[in-house]
1. Please find, among Val236, Val201, the residue that is under 20 Å from Val306 (Cα atoms), crowded, with 16+ Cβ neighbours inside 10 Å and either within 16 Å of ligand 1 (Cβ to nearest atom) or in the same structural domain as Thr169 (by TED's automatic domain parsing) (or both).
2. Could you run through the range 339-373 and say how many residues are under 16 Å from Gly205 (Cβ atoms) and within 16 Å of ligand 2 (Cβ to nearest atom)?
3. Taking Ser344 as the residue in question, decide whether it is under 25 Å from Val12 (Cα atoms), in the same structural domain as Ser245 (by TED's automatic domain parsing), within 16 Å of ligand 1 (Cβ to nearest atom) and modelled with pLDDT of 95 or more.
4. Please verify whether Gly288 is away from ligand 2 (no atom under 15 Å from the Cβ) and not assigned by TED's automatic domain parsing to the domain that holds Glu24, treating the condition exactly as stated.
5. Exactly one condition in (1) under 30 Å from Glu319 (Cβ atoms); (2) more than 16 Å from ligand 2 (Cβ to nearest atom); (3) modelled with pLDDT of 95 or more; (4) assigned to a loop (DSSP other than H, G, I, E, B) is not met by Thr121; state its number.
6. In the range 140-160, how many are surrounded by fewer than 24 Cβ atoms within 10 Å (Cβ to Cβ) and either out of contact with any Pro (no Cβ under 9 Å at 6 or more places or on another chain) or free of Cβ contacts under 8 Å to residues at least 24 places away in the same chain (or both)?
7. Can you tell me which residue within the range 216-225, out of those that are under 24 Å from the mean Cα position of the chain (by Cα) and within 13 Å of Gly151 (Cα to Cα), is surrounded by the most Cβ atoms within 10 Å (Cβ to Cβ)?
8. Identify the residue in the range 240-286 that is part of a loop (DSSP other than H, G, I, E, B) and charged (D, E, K, R) and, among all such residues, is nearest to Arg365 (Cα to Cα).
Amino acid sequence: MTEIQSVHGRRVWDSRGRPTVETEIQVAGGGVGRAIAPAGASTGSGEAVDLRDGDQTFGGYDVRNALAAVEGEIAKALVGMDAADQNAVDQALIALDGTPNKSRLGGNAIVATSMAVAHATAAARGVPLWHSLGDGTARTMPLPEIQIFGGGAHAGRRVDVQDFMVMATGAEDYAEALDWTARVYLAAGKLMADADKLQGVADEGGYWPAFDTNEAALDMLVRSIEAAGLVPGEQVTISLDIAASEFGSAGRYRLGLEGRELDSNGLSEMLLGWLERYPIVSVEDPLGEDDVAGLIAFTAAAGEKVQIIGDDYLVTNAERVRSGIEKGACNAVLVKPNQAGTLSEAKAAFDAAMAAGWGAVVSARSGETEDVTIVHLAVGWCGTQLKVGSFARSERMAKWNEGLRVAETVGSALPPVSAFPWGR
Ligand code: PGA
Ligand code: ZN
C-alpha cells in the first residue's frame, strides 16, 4: 500500500516570487503526497543549504539542479522503498547526498521529498497528516506566535529586531487565540495609519517597521494590544525574535538604527531592560549564533522567567540541542524542518528538547508557500507552539486556517499552563 512508485519534482514559486522545489510522490495504493520546500532569509550557518543554480536565471535562485536531483538520483533511490518507514527513507536521502549540510542534492530537494513521503503515507492511510504522524493521539492545538511588525532581514533592516510578535497566552483555545491576534493586528494597522506610519508589510506580513527606535516598535505593540481591548501581559504577551546573528558576530553588535555598537554584555543588558519594561515572555536568538558565552549568560540571567529560543544557534539539530542543554544556553528550540533537511532529523531535535523539559516551537520560514505541513507536524508531534509569521498574506493564513480545520477533529484546546516555561 505504501511502497513508493514514483517521485516527481516540480518547480513552483514562493512568497518572495522565487523558484522552489515541490516533490510529488505516489505510493502503490494510489496515495499521492506533495510538499514544497520553504526558504529562509536570516539563515544560520549550520543549516542544510538549498541547491540554487547561481546563474543568470532569476538572480541565481533557480532550482533546476535540485529538481534534476529529485527526478534523477532521489527517485531512483526511493522507488520501491516503504513510504511509511520515514526513518529509512530519510536515512537513504542523507546517505545519498553524502555531505554534512546536504549541499550536493540540496536541502530544498531533500526536505520537499522527505515531507512529501509523509503526506503520501497519510494519503494511503486515508487520514490527515497530523493523525498519520502521531497515531491520532493529539488532543491540543499549539499556541500561535504571530508577528505584528516585521524587521531585520525581512524589512531591509529598517529596524534591528526581526520579529515583534504576540502570543494570546490568556486565550481559551486556538480559535480564540486567532480572534485576539486578528484584533491586535487590526488595531496595530489603525494606530500605524493614524501616526502616518503605515507603509505596507514586511516579508512575513507584519507591518513595515517605520520606527525611529526598536523601543518605539515595542511601545506601539503594547498600545496595539490595549487598543484591541486586551490586557498586555495577561491576555496577550509579547515575543521577540532578535535574530542577533544578522547584526553581529564575534560578540560585537551593530544597531543600525541608532548607529551604536554594543558588546555581548551591552546587548544582553539592553534586552534585560526590555524584559523589565515590557510584557515579554519569549526571546529568540538574543545573541549571535557564535556568541555561546553570551547565550549562556543571558539564559542564566533570564531563563527562569522567559523562554529563550535558539534558532540560528541550534538550527534544528538534535546534537546541538543536547549541547545547548548541557551548557545552559537557551531553554527552547525553534524547529524548522528545512534547517535539518529531513523530517526525521527535525523530529529528533524536537524530541531532544521536549525530553529535557525545553520548549519547542515548530516554525515556518520567511519564504513560504501554500504548503501547510508544519501545522500538521506541530499537532501530530503534540507540540505546544507554532510560529508562522504574521496575520496577513495567504502563505501565512493558509497555515492558521489549516489549524482551524485540524482543530475541528483534535479540539481547539491549547496546552495547559504547565506546558509553558513562563506559566501561560
Ligand atoms: P528566516 O527567518 O526564515 O528568514 O530565516 C525566520 C526566523 O529567523 O525565525
Ligand atoms: Zn529566528
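The values are calculated or read from the model by the stated rules, or taken from the named source; none is laboratory data. What you see is a predicted model, and the numbers here were worked out from it, not measured in a lab. Every residue, glycine as well, gets a Cβ built from its backbone with ideal geometry; the counts of neighbours run over all protein chains shown.
1. Details: Val201 fails: under 20 Å from Val306 (Cα atoms).
Of Val236, Val201, the one residue that is under 20 Å from Val306 (Cα atoms), crowded, with 16+ Cβ neighbours inside 10 Å and either within 16 Å of ligand 1 (Cβ to nearest atom) or in the same structural domain as Thr169 (by TED's automatic domain parsing) (or both) is Val236.
2. Going through the range 339-373 one residue at a time, the tally reaches 6.
3. Working: under 25 Å from Val12 (Cα atoms): yes; in the same structural domain as Ser245 (by TED's automatic domain parsing): yes; within 16 Å of ligand 1 (Cβ to nearest atom): no; modelled with pLDDT of 95 or more: yes.
When the stated conditions are applied, Ser344 does not pass them.
4. Values: away from ligand 2 (no atom under 15 Å from the Cβ): no; not assigned by TED's automatic domain parsing to the domain that holds Glu24: yes.
In short, no.
5. (4)
6. Adding up the residues that qualify gives 3.
7. Only one residue tops the list, namely Ala217.
8. So in the range 240-286, the residues part of a loop (DSSP other than H, G, I, E, B) come out as 242-243, 247, 250-251, 256-259, 278-279, 285-286.
Filter again for charged (D, E, K, R), leaving 258, 285.
Numbers: Glu258: 27, Asp285: 15 Å.
Per the stated criteria, the residue is Asp285.
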